[in-house]
Amino acid sequence: MELRHLRYLLAVAEHAGFTRAAEALHISQPTLSQQIKQLEKSLGARLLDRTGRSVRLTDAGEAYAHYARRALQDLAAAERAVLDVRDLSRGALRLAMTPTFTAYLVGPVAGEFHTRHPGIALNVREMTQHQIESALLADELDLGIAFGAPRLPGIADTALFTETLSLVVGTGHPQAGQDEPLPVRELAGHDLALLSGDFATRGHIDAYFAEHAVRPRIAVEANSLGALTEIVRRTALATVLPDAIARDHPHLHPVPLEPALPARTVSLLHRETAYRSAAAHAFTDVVRRWSDDRGRPPAG
């Protein structure tokens, strides 16, 4: 039994005969009759009463036609749903990102995505990169945003843009407003407030200081970006953060370091074998557009 058998049966019932039904279906009458006989044979029941002037459904045919109509209606609805998802009028997207991005990227990007595609339900979570990759492999996420290349097999990445870091100080700090790069050696012995060791950004900062043999004193460690920025804006302590956080904050100022901290590639992660929905492609476009509008250097 195929879908055409259902359509043929309902057409014969609607037109009460084979001739007009065949014309409506644009097939020959013998072909239509043969197809109906195949359907009846496969079901082991007579569906049409051909003894009168007009052809009508038997009791078995009435019962079968009821479900045939429902099946065809459901399939038509399914086709519309596919088209709806394709044109982004509805759907869902499960997204996760490492904590740094919640401070400056998720707000404008999620806002722009919702404005463009209000029918797409966006679920956003904050995770470490390892947690993101594990969740992608378990099909618990559609996309992830993190720094650098994937670490687990089966995860693919799309490079988005390059992120730069610098020293960040509050309005009352002596370095606030300084445009000239500050030699990193001048941070030796200075008090800093930094993210705790469970942040990938902290590992990046520690490697930079170690490379240049600089040992600042860590006066404060925080496992919250919000707490860290509040501490820096209200004290004379400096920190090291992505430039974007300072640029978007009215009470923080980025100070370039010499030599500059190595830039990092921001990547969009996804499972290699996963189907990438229209919503996932649309979100990627929104992130790229946001990056271009902010003048961020493209990755690579």
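With A135, A146, A92 as the choices, which residue is within 17 Å of I245 (Cβ to Cβ), under 14 Å from the mean Cα position of the chain (by Cα) and among the small types (G, A, S)?
Of the residues listed, the single one that is within 17 Å of I245 (Cβ to Cβ), under 14 Å from the mean Cα position of the chain (by Cα) and among the small types (G, A, S) is A146.
So how many residues does region 213-235 have that are in a loop (DSSP other than H, G, I, E, B) and either out of contact with any Leu (no Cβ under 8 Å at 6 or more places or on another chain) or farther than 15 Å from V168 by Cβ (or both)?
Initially, region 213-235 is screened for residues in a loop (DSSP other than H, G, I, E, B), giving 213-216, 223-224, 235.
Right, trim to either out of contact with any Leu (no Cβ under 8 Å at 6 or more places or on another chain) or farther than 15 Å from V168 by Cβ (or both) and you get 213-215, 223-224, 235.
Going through region 213-235 one residue at a time, the tally reaches 6.
Answer yes or no as to whether V82 is touching a helix residue (DSSP H, G or I) at 6+ places or on another chain (Cβ under 9 Å) and not in a loop (DSSP other than H, G, I, E, B).
So V82 does not fit the description; no.
Out of the residues in region 166-187 that are outside any strand (DSSP E or B) and modelled with pLDDT of 90 or more, which is surrounded by the fewest Cβ atoms within 10 Å (Cβ to Cβ)? So that I can check it myself, show each step before the final result.
Step one: list which residues in region 166-187 are outside any strand (DSSP E or B), which gives 171-181, 184-187.
The next check asks that each one be modelled with pLDDT of 90 or more; those that pass are 181, 184-187.
Working: P181: 14, V184: 20, R185: 10, E186: 14, L187: 20.
Looking at residues that are outside any strand (DSSP E or B) and modelled with pLDDT of 90 or more, I get R185.
Step by step: first the residues of region 110-126, then only those that are more than 11 Å from the chain's Cα centre (by Cα) and assigned to a helix (DSSP H, G or I), then the one that is surrounded by the most Cβ atoms within 10 Å (Cβ to Cβ). Which residue is that?
E112
Please go through region 47-99 and pick out each residue that is closer than 30 Å to F113 by Cα, surrounded by fewer than 16 Cβ atoms within 10 Å (Cβ to Cβ) and of a type in the set (G, A, S).
Residues satisfying the conditions are A76, A77, A78, A81, S89, A92.
All but one of (1) within 19 Å of the chain's Cα centre (by Cα); (2) more than 21 Å from A110 (Cα to Cα); (3) surrounded by fewer than 16 Cβ atoms within 10 Å (Cβ to Cβ) hold for D285; which doesn't?
(2)
Output the number of the condition that S89 fails; it satisfies all remaining conditions of (1) within 30 Å of H249 (Cα to Cα); (2) in a loop (DSSP other than H, G, I, E, B); (3) touching a Gly at 6+ places or on another chain (Cβ under 7 Å).
(1)
Could you run through region 131-151 and say how many residues are surrounded by fewer than 17 Cβ atoms within 10 Å (Cβ to Cβ), over 16 Å from P99 (Cα atoms) and in contact with a Ser or Thr (Cβ under 9 Å, 6 or more places away or on another chain)?
Count: 2.
The values are calculated or read from the model by the stated rules, or taken from the named source; none is laboratory data. This one's a predicted model, so the numbers in the text were calculated from it and none came from an experiment. Note that we place each Cβ from the backbone using ideal geometry, even for glycine, and neighbour counts take in every protein chain shown.
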